[in-house]
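Note sheet for the following structure.
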Amino acid sequence: MTQRQLTVAERAALARASAAAAPHATVVSPNPAVGCVVLRDGEPVGHGVTEPPPGAHAEVVALRAAGGAARGATAVVTLEPCAHHGRTPPCTDALVDAGVARVVFAHPDPNPVATGGGARLAQAGVDVVGPLPAQDPYRGAVAAGLEGFLTVVRHGRPHVTLKLARTADGAVTNPTGERWVTGPLARRAVHRWRGAVDGVLVGIGTVLADDPRLDVREVPVGRQPRAVIIDTDVRTPVGAKVVRAGTVLLAATPSGAGSRERRRARAAVLSQRGVEVRFVSPGPEGRGVDLPGAVGELAGLGMVSLLAEPGPTLADALLGADLVDRLVLHVAVGLGDGPLQGSLAPPPGTPWRTERSGGAGTDAIVHLRPPPPPR
Ligand SMILES: NC(=O)c1ccc[n+]([C@@H]2O[C@H](COP(=O)([O-])OP(=O)(O)OC[C@H]3O[C@@H](n4cnc5c(N)ncnc54)[C@H](OP(=O)(O)O)[C@@H]3O)[C@@H](O)[C@H]2O)c1
């Protein structure tokens, strides 16, 4: 495979394809939201993004738009074109059949079933450039847009963003007795985030204390995320706001006959309301649910991205189990009169780095990422 440089027009097309695909992530989930631009003499003649199932892949959409102009043209794609017969025929075949002369792609497809598209195109005589080097910022932008898909393929679980709201002195509830810790602008940011993920997760402690809806209300949304409750003993009240069609409840498989009867009976009542109850392995020493297993179960339900908004118990457990890919701290800097306990900093002892930071009204927002894995 060649490693030649991309032209300026190809880089611009890649940025455009990546930006066009990103908003489609939840709509096409669990498939990756891919973008493709067909260039003829450096000018775009066709665009495409992945269609929701059972629709076409981005390459096919862009080739259709380009029509006869695709012959001898360059296809610029965010993710390596697939080489396998899945729900749709291989994109590599569509590119070759359309007479595309050159294919540029940013990120390799890590999916063992679909990988190898670049090599297959090269064998068919297409001039192939890709994947870009791991440190290339264009590949980085594409990877960010595909983080859910990539996390499922690599780790067998959805990508997890953990959001924690605190006062300046570290409290997780508002000392004035108000329902929310942070202000309306920060909450709006949370609603935007909910609209960009497949599931919003809390523990039973939060359901019992706050009775949250866990849906998107304050901003327009293409598709509502599913609410997910980690509820060992199926204690979620049938009248809770989160009890509705599409909600997922992850409970622990009971060991004793008595608790088995009880949990199954409660699960049956919730199921009648449309809640999908899944029993997973209990956690260490039989307490709680096994978190890696529970979060992995959600990948099996087609979820690739989660926003976790639990209380401190489940938040600590997710961090302890290494299940957090991004930590978002919302800090009400004007609330709380105790000493500033490093509320804007990562948890003590963690080598997390700041991805970005800013403000929303009276609140500070810090996004933190774990260090990248060693190469
Ligand atoms: N500031 C914020 O960002 C924020 C967000 C949400 C909630 N809150 C506040 O936090 C408080 C509730 O806190 P919380 O910690 O009880 O709620 P939580 O973290 O949402 O739920 C904790 C519960 O999850 C269950 N669980 C099941 N498996 C677990 C595992 N492996 N590890 C840990 N937990 C597991 C446990 O219940 P079982 O005993 O049934 O196993 C546990 O008690 C409320 O006051 C609420 O207002 C604050």
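Every read-out reported here was derived from the displayed coordinates using simple, explicitly stated rules and does not represent laboratory data. Treat the numbers as computed from the prediction; the structure is a model and nothing was measured. Note that each Cβ is placed from the backbone with ideal geometry, even for glycine, and that neighbours are counted across all protein chains shown.
Overview of results
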read-out	value
Estimated FRET transfer efficiency when R0 is 51 angstrom, pair R16-E285 (beta carbons, to 0.05)	0.45
Mean Cβ count within 10 Å, highest first, over the residues of peptides 25-37, 131-143	25-37, 131-143
For peptides 227-236, 286-295, sequence by mean Cβ density within 10 Å, most packed first	227-236, 286-295
Cα shape, the stretch 8-151, gyration tensor, a/c 1.5 rule	rounded
Ellipsoid equivalent to the chain - semi-axes via the Cα gyration tensor, in Å	41, 25, 18
Relative contact order for the stretch 87-230, counting Cα pairs under 8 Å that sit 6 or more residues apart, in percent	14
Neighbourhood charge, 12 Å Cβ-Cβ cut-off, centred on G288 and excluding it, Lys, Arg +1 and Asp, Glu -1	-4
Percent of alpha-carbon pairs separated by more than 20 Å within the stretch 160-307	51
Taking the stretch 159-297 and dividing mean pair separation by its residue count, relative contact order in percent (alpha carbons under 8 Å, at least six apart)	17
Cβ-defined net charge surrounding Q5, 14 Å radius [Lys, Arg +1; Asp, Glu -1]	+1
Antiparallel %, DSSP beta bridges [both residues in the chain], to 5	40
FRET efficiency estimate (nearest 0.05) - Cβ-Cβ, T313 to V269, R0 35 angstrom	0.90
Average Cα contact separation per residue, the chain, under 8 Å, 6 or more apart, as relative contact order %	16
Net charge over other residues, Cβ less than 9 angstrom from the Cβ of T161 (K, R count +1; D, E count -1)	+1
